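Below: the structure, in structure tokens.
What follows is calculated from the coordinates using simple rules that are stated; it is not laboratory data. The structure presented is a predicted model; accordingly, all values stated were derived computationally and were not measured. For neighbour counting, all protein chains shown are included, and Cβ atoms are generated from backbone atoms with ideal geometry for every residue, glycine included.
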Amino acid sequence: MDYPPNDDNQSKFTPPPPPNTYYPPQQQYNQQWQQPQPPMYPPVVIMQPPQKKASRLWLWIVLGVIGFLLCSCIGFFVLLGAAVKSTTTGTVNTVSSPITSSSGNTPSSSQIGTVGQTITVDNVATTLVSVKTLAADEFTQPKPGNEFIVVHVKIVNNSTIEQDYNVFNFHVRSGSGNITDEEFVTPQSYTANNELNSGKLSPGGSVEGDIIFQVPKNDHNAQLTWQPNYFGNAGDNAWNLGL
């Protein structure tokens, strides 16, 4: 069937659908052809426990052990060197060795000498030259029952190597066994200005000087002791003061 053209209604005219044509509902069509979407789940966040910082306690323990071992080794070698020096630099007088006196006499076999005698250790000879009492002054007084004395000693290095000497190697031992150091404050009555200090002696060198002590009055058993070796005892080498 032909329809007459109509210019006014041509844009609005829609031809009828062919017979027996079925159009499903738009919603059903969309559901049929729409690609299924996967279900949406919230992202899963895995919580990891915080990592502990490695403790440094073991490091400090290791360093402490190493430092202790190092200090121990250093101290051991220092003491070993001193022992080797004391045994290789000369012949050490023992208790049975005679003490030679400055006058050439040989007293009994003992390390205990008297004023004027010489004791030799490691080829270093020390002589107690003299002992004198020293008056106190207005400001410097000895302890009650004591008095000041001045001992004069001479040290000679007869070895082939350099040797140390020190005033702190000398002490006074009373008859009761009390060992004391020198006096640091000297009374004004001491005017010699020749106190023994410390230093080194080259081979063949010598030094002499005074040392001031306090001793009990009328202590006839008081002694001047000399300890040049660190490993020795204060009483191994001594002179009777004869007070």
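Details
- For the stretch 159-240, the Cβ-based charge dipole about the Cα centre amounts to some 160 debye (Lys, Arg positive; Asp, Glu negative; other atoms uncharged).
- When the GluC sites (Glu not before Pro) in the stretch 159-243 are filtered for DSSP coil states and for at most 13 other beta-carbon atoms within 10 Å of their beta-carbon, the remaining sites are E162.
- Spread of Cα-to-Cα distances over 10 Å intervals beginning at zero, given as percent, for the stretch 161-243: 16, 43, 33, 7, 0
- Descending by average beta-carbon neighbour count within 10 Å, the peptides 187-194, 221-228, 62-69 line up as 221-228, 187-194, 62-69, the highest first.
- Available extension along the chain between S206 and T114 is 31.1 nm, counting 0.36 nm per residue and deducting the alpha carbon span.
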